Amino acid sequence: MVDEVLDRAFGPDRHARTAYRIRAGMETLDALSFAALDAEDLLVGTIQCWPIALIDRDGRPLPLVMVGPVAVLPERQGEGFGQGLMAAMLEADARMSGSGLALAQVLIGDVDYYGRWDFSSAHTRGWRCPGPYEPERLLARGAALPTMPSEGMLAPWPTE
């Protein structure tokens with residue numbers, strides 16, 4: 001059902017997007033991934049988060065959380081489901097932060113929308129992605145950002 005929502009929101013060619021390359025082979029972080037149901041219990045939206053890395057110039061992986069996709073059925077957009085999904089994810093992240101487990105978050109999206117949750121491109125200007133992207137749409141947030149390198153490549157979290 002989640003795949004159907006994603007296909008409807010982003011199109012069946014969504015797997016070709018750069019974000020899919022960044023998180024290739026990763027499993028979602030269930031503690032930060034949610035679904036939105038309407039009053040009739042119909043799945044209308046979803047948010048998924050993924051473990052990824054910023055690979056620094058020395059080849060060291062530094063942990064990040066990739067937020068997205070945040071998807072809402074086209075006919076239900078504008079009803080607050082996306083904002084609710086972001087709020088649920090950020091609340092879960094805040095609980096993890098209290099336990100010392102929170103990581104900086106990154107996404108590819110519109111600063112006009114995600115800026116309300118403190119996502120910006122201020123720390124990502126020297127970061128790169130494994131595919132086409134618009135640098136101003138590479139956004140990040142989190143207390144750990146000042147300690148992150150100013151340059152690096154986003155990639156799946158190394159599993160070996």
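The values are calculated or read from the model by the stated rules, or taken from the named source; none is laboratory data. This is a predicted model, so every value here is computed, not measured. Glycine also receives a Cβ, built like all others from the backbone with ideal geometry; neighbour counts cover every protein chain displayed. When the accessible area is computed, the model is the full protein with side chains, heavy atoms only, and any ligands, DNA or RNA have been set aside. Shrake-Rupley method; radii C 1.70, N 1.55, O 1.52, S 1.80 Å.
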With x for Gly and Pro, the residue-by-residue ³J(HN,Hα) of region 37-49, computed from phi through the Karplus equation 6.51 cos²θ - 1.76 cosθ + 1.60 at θ = phi - 60° and given in whole Hz, is 10, 8, 4, 9, 6, 8, 5, 10, x, 8, 10, 10, 10
In Å², what does the accessible area per residue of the chain work out to with a 1.4 Å probe? 54 Å²
For the chain, longest principal axis from Cα atoms; helix 81-98 axis from its Cα atoms; angle between them, nearest 10 degrees, is 40 degrees
For region 27-92, with all protein chains present and a 1.4 Å probe, just round the carbon and sulfur fraction of the accessible area to a whole percent. 51 percent
Between Ala144 and residues 5 or more places away or on another chain, the pairs with built amide H atoms under 5 Å apart involve Ala104
May I ask you to derive the FRET efficiency for Asp30 and Ala87 from their Cβ-Cβ distance with R0 = 22 Å, giving the value to the nearest 0.05? 0.80
Can you work out the Karplus-derived ³J(HN,Hα) for every residue in region 129-145? Use 6.51 cos²θ - 1.76 cosθ + 1.60 with θ = phi - 60°, whole Hz, and x for glycine or proline. 10, x, x, x, 6, 9, x, 6, 9, 8, 10, 9, 8, x, 5, 7, 4
Say each of Phe10 and Asp41 gets a label point 7 Å from the Cα, pointing the same way as Cα to Cβ; how far apart are those two points in nm? 2.8 nm
Taking placed amide H atoms and a strict 5 Å upper bound, the residues 5 or more places from Met66 or on another chain that come that close are Trp50, Ile52, Val106
Projected area averaged over all directions for the convex hull of the alpha carbon atoms of the chain, nm², comes out at 9.6 nm²
Calculated FRET value between Glu79 and Arg57, using beta carbons and R₀ = 35 Å, to 0.05: 0.20
